Amino acid sequence: MIDIHVPASREHNTANASQLVTDLANLRSFEEIAEWDKRATVEVENIRATLRAIESKQQGLFQALEQEKREHEAKSFLVRLFVGRQERMRLLAEQPRLAKEKAQIEGLVDQFEAAIDFTPDSPDDLKELIKECKQRKKELLTEKKAVYAQMASIRVEARQKTVDTIPGKYGKWNRRQIRLEKESALQPHENEKAAIERQIIKLDRVIIWLERFK
């Protein structure tokens, strides 16, 4: 299954996007795929319009903050000292909200465009898509094997260093350091392995979803 996560949004009505996600899971024919692609393409354009509106709001916020700053600086010292700046605080709070909304909606565009690319248009396209997915899975499995080898090498090296330490309590500090260094060295590889495994799981789901159109 091609996953699409529709975020909650104050800037874009996501009802249509959510319906498209539901319909995507239920596609059963190339004709249905063609119709879904058309609807999804229209929704992508609607989302892009929302992104332009957000960018316009962000520009308006910047201008409003500059105006508020000028007006505040034009006031006397005593007025500036005792008058609060609630409007500035409101504008500043709005900036991260809009930035977060924009990032989430850009992600939604990417997800829909990926779904459009991965919905086959014909039996030949389906065959090619499945072939590409299986090839990518094969590459990921090779990458995963290499990561496992690197992790095994780190563990072997740590074990050898531990063997070479002074036995008993006098070697405790050195063994602790070796263990901490081993865990530190393994962590990036653990993250890489987890990322590869997530990609493999996602590809498996896509392959299973595609194969039902055969």
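The values are calculated or read from the model by the stated rules, or taken from the named source; none is laboratory data. Only a predicted model underlies this, so the values are computations on that prediction, with no experimental measurement involved. Reconstructed Cβ throughout: ideal geometry from the backbone, glycine too, with neighbour counts over all protein chains shown.
Inside the stretch 143-188, can you point out the residues that are among the hydroxyl-bearing types (Ser, Thr, Tyr) and surrounded by 11 or more Cβ atoms within 10 Å (Cβ to Cβ)?
Within the stretch 143-188, Tyr148, Ser153, Thr162, Thr165 qualify.
Residue-by-condition table, conditions (1) over 22 Å from Leu141 (Cα atoms); (2) in contact (Cβ under 8 Å) with a residue 40 or more places away in the chain:
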position	(1), (2)
Glu157	yes, no
Gly168	yes, no
Lys172	yes, no
Ile178	yes, no
Ala185	no, no
His189	no, yes
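List the helices (runs of 4 or more DSSP H) that sit entirely inside the stretch 1-111 and contain at least 3 residues that are touching a helix residue (DSSP H, G or I) at 6+ places or on another chain (Cβ under 7 Å), farther than 30 Å from Trp209 by Cα and modelled with pLDDT under 95. I'd like the intermediate steps shown before the answer.
Details: elements: 15-25, 30-74, 77-82.
The qualifying helices (runs of 4 or more DSSP H) are 30-74.
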